[in-house]
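Just below is one structure, and these are the notes that go with it.
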Amino acid sequence: MSLSLDEITIFENENYILVNKPYLVSSLDERDTKNISIHKIAKAQFSGNILCHRLDKETSGCLAIAKSEEAYRHLSIQFEKRLVKKFYHAFVNGKREFKNLEVNLPILTLSNGLVKIDKLEGKPSLTVFNTLDVYKFHSLLE
């Protein structure tokens with residue numbers, strides 16, 4: 001697959017580039033060195049570009065790329081202080097009705113990349129579920 005930064009850029013200013021990461025494209029290339037990654041694409045355009053966060057390979061969505069160390073630090077602090085709000089949409093089987101359902105359980109990332117609930121060593125994690133639309137056999141959740 002060939003992909004350029006111009007094809008996936010949704011916003012750009014003097015400090016950041018926001019891109020729409022496609023499904024099955026890795027954010028980083030540490031695990032998948034043979035295939036294209038957002039990290040490789042960003043570095044090819046300008047070696048000073050720094051990926052600010054990541055999304056799983058199977059997740060599509062918006063990624064922020066900093067154009068300088070200062071911009072990277074600024075956004076990293078916002079992520080660290082949980083000032084960045086993230087929204088995910090998913091289609092699920094069945095008719096589901098959720099209105100501000102909060103799941104507040106600590107999660108731990110295992111060495112194999114899997115994530116599990118771990119009340120002793122997990123990081124705090126709050127997810128709020130809302131149903132956006134219900135169809136005949138599926139629901140769209142946020």
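The values are calculated or read from the model by the stated rules, or taken from the named source; none is laboratory data. Owing to the predicted nature of the structure, the values given are computational and were not obtained by experimental measurement. Every residue, glycine among them, receives a Cβ derived from its backbone with ideal geometry; neighbour counts consider all protein chains shown. Ligands, DNA and RNA are excluded from the accessible area calculation, which covers all protein heavy atoms including side chains. Shrake-Rupley method; radii C 1.70, N 1.55, O 1.52, S 1.80 Å.
Structure above, values below:
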{"read-out": "For the range 1-131, share of DSSP beta bridges that run antiparallel, in % to the nearest 5", "value": "95 percent"}
{"read-out": "Global geometry of the range 44-95, whether rounded, prolate or oblate, following the gyration tensor of its Cα atoms and the 1.5 cut on a/c", "value": "oblate"}
{"read-out": "Exposure rank, largest accessible area first [74, 138, 53; 1.4 Å]", "value": "74, 138, 53"}
{"read-out": "Built amide H within the under 5 Å cut-off of residue 105, gap 5+", "value": "125, 127"}
{"read-out": "Accessible surface, per residue, of the range 10-142 when the full set of protein chains is kept, probe 1.4 Å, Å²", "value": "73 Å²"}
{"read-out": "For residue 117, solvent-accessible area (1.4 Å; no DNA, RNA or ligand), Å²", "value": "90 Å²"}
{"read-out": "Cα-based helix-to-principal-axis angle, 69-80 vs the chain, degrees rounded to 10", "value": "10 degrees"}
{"read-out": "Accessible area in the full protein assembly, largest first, 1.4 Å probe, for 88, 72, 135, 16", "value": "88, 135, 72, 16"}
{"read-out": "Charge dipole of the chain about the Cα centre (unit charges at C-beta), most positive-ward option of 9, 89, 115", "value": "115"}
{"read-out": "Relative contact order computed over the range 24-111 (Cα-Cα under 8 Å; 6+ residues apart), in percent", "value": "18 percent"}
{"read-out": "Per-residue [θ]222 nm for the chain (sum of -39500 (n - 2.57) over DSSP H runs n ≥ 4, rounded to 500)", "value": "-4500 deg cm²/dmol"}
{"read-out": "Carbon and sulfur %, accessible surface of the range 30-142 computed with the full protein complex present, 1.4 Å", "value": "53 percent"}
{"read-out": "Difference of contour (0.36 nm per residue) and Cα-Cα distance, residue 10 to residue 29", "value": "4.7 nm"}
{"read-out": "Residues of the range 36-58 with amide N under 19 Å of a point placed 7 Å along Cα→Cβ from residue 77", "value": "50-53"}
{"read-out": "Of the trypsin sites (Lys or Arg not before Pro) in the range 15-124, those whose Cβ has at most 11 other Cβ within 10 Å and which sit in DSSP loop", "value": "31, 34, 81, 82, 85, 86, 99, 119"}
{"read-out": "Candidate values (i) 15.5; (ii) 10.5; (iii) 11.0, label of the one derived for mean projected area of the Cα convex hull in nm²", "value": "(ii)"}
{"read-out": "Entries of 57/95; 34/119; 40/81; 99/136; 81/116; 21/123 with Cα pairs more than 31 Å apart", "value": "34/119"}
{"read-out": "For residue 98, distant residues with modelled amide H under 5 Å away", "value": "131"}
